[in-house]
Amino acid sequence: MMFNITESFIRLLLFWGVLFLFLSLEIMIPYRPSSVSKVKRWINNLALTLFNSILLNLIFSTAIVYTATYAQANKLGILSMVQAPTWLKILVTVAFMDFMLYVWHLLNHEVPFLWRFHRVHHSDLNMDVSSATRFHIGELAISAVIKISLIFFLGASPMGVLIFESALVLCAQFHHSSLKVPKSFETLWWILFVPPSMHRIHHSVKIKERNTNYGTIFSLWDRILGTLLTSVDQVKIRIGVGAYHKPDKLNFHQLLVMPFTKPVK
Ligand SMILES: [Zn+2]
């Protein structure tokens, strides 16, 4: 119970702290000027974020921590069968969960039913830190069920799960941010992780560019599985989904019903 409260507090603090840090930096040193109203996009994206976090926190956050606590106490899962230092088990947890997220993300693009939900995220007309949590609750609910099963299968510890979830939020907020990042830093970051330029290609309206660069924390999975794309002129990238180009058709309630409207590529 105590871990649950501390865990929720740390996650909330990290999420809002980093969100406002990146928002301030985006305003001071933007990667490029917004093509549509930032305020209107922020209202929609934050409404979706708040709506999701209130409902999902109520249903899934406790279940995720409970699963990890239960698996650890009862020595369940693959990790309980091996003798290894705690830091190594945490590293394996982060790498394994991130790889499964890569697979899940790829499926969200390739399976038409899943794309119906995932297109809500991609329909954002500009990409910035608020895009990182612009997801339809249907996609998050399915992924939470899968996540709980994976934690159980792996026997991930509550600490391992907390570190993975925190890294996930920080990396997703960073690579969605519309921030001018020094080239030298991006080049270094790219060796192991996903920089904004790599994820910007993933948000391109061009389907060939969109169906690449699925990684969230590590860039390794895209490298070894052939889905990495780097040779794109960043200046020419137009963000969004071709069928959704009118900002006034992308309000909060329209985003909520989008998965149940006509399919688009
Ligand atoms: Zn995607």
**Report entry** Filter result for the condition that a residue is in a loop (DSSP other than H, G, I, E, B), hydrophobic (A, V, I, L, M, F, W, C) and over 15 Å from the mean Cα position of the chain (by Cα), over L150, L125, L114
**Finding:** L125
Query - Neighbours by Cβ (under 8 Å, 6+ apart or cross-chain): first from region 99-110, farther than 14 Å from H202 by Cβ; second assigned to a helix (DSSP H, G or I) - result: F99/W221; M100/I146; M100/L150; W104/S143; W104/I146; L107/L114
Query - Looking only at region 157-212, and only at residues there that are among the small types (G, A, S) and over 30 Å from Y244 (Cα atoms), the one that is farthest from the ligand (Cβ to nearest atom) - result: S157
Requested in this report: Could you list all residues from region 131-145 that are within 16 Å of the ligand (Cβ to nearest atom) and not in a loop (DSSP other than H, G, I, E, B)?
Outcome: S131, A132, T133, G138, E139, L140, I142, S143
Query raised in the report: Are any of the residues in region 176-190 modelled with pLDDT of 95 or more and not in a loop (DSSP other than H, G, I, E, B)?
Result: yes
Requested in this report: Could you please tell me which pairs satisfy a Cβ distance under 6 Å, a separation of 6+ or placement on different chains, a first residue in region 17-36 that is closer than 17 Å to S197 by Cα, and a second residue that is surrounded by 12 or more Cβ atoms within 10 Å (Cβ to Cβ) and basic (K, R)?
Outcome: I29/K180; Y31/K180
Report summary line: Residue pairs within 6 Å by beta carbon, gap of at least six or interchain, first lying in region 233-244 and in a loop (DSSP other than H, G, I, E, B), second crowded, with 18+ Cβ neighbours inside 10 Å, listed first then second, are I237/R200; I237/S204; G240/L125
Report summary line: Scanning region 199-229 for residues that are in contact (Cβ under 8 Å) with a residue 40 or more places away in the chain and in a loop (DSSP other than H, G, I, E, B) gives H203, N211, Y214, G215, T216, I217, T227
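Being crowded, with 17+ Cβ neighbours inside 10 Å and on the phi > 0 side of the Ramachandran plot is the requirement here; does G215 meet it?
Values: crowded, with 17+ Cβ neighbours inside 10 Å: yes; on the phi > 0 side of the Ramachandran plot: no.
No: the conditions fail for G215.
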Query raised in the report: Is it the case that V257 is part of a loop (DSSP other than H, G, I, E, B), more than 14 Å from the ligand (Cβ to nearest atom) and among the aliphatic types (A, V, I, L, M)?
Result: no
Report task. Out of N57, N52, report the one residue that is within 30 Å of I237 (Cβ to Cβ) and either within 21 Å of the chain's Cα centre (by Cα) or in a helix (DSSP H, G or I) (or both). Result -> N52
Query raised in the report: If you scan region 161-184, which residues turn out to be surrounded by 17 or more Cβ atoms within 10 Å (Cβ to Cβ) and over 18 Å from the mean Cα position of the chain (by Cα)?
Result: V181
**Report entry** Flag if Y214 is closer than 16 Å to H105 by Cβ and either out of contact with any Lys or Arg (no Cβ under 6 Å at 6 or more places or on another chain) or of a type in the set (A, V, I, L, M, F, W, C) (or both)
**Finding:** yes
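The values are calculated or read from the model by the stated rules, or taken from the named source; none is laboratory data. This structure is a prediction, so every number in the text was calculated from the model and none was measured. Methodologically, a virtual Cβ is constructed for each residue, glycine included, from the backbone with ideal geometry; neighbour enumeration extends over all protein chains shown.
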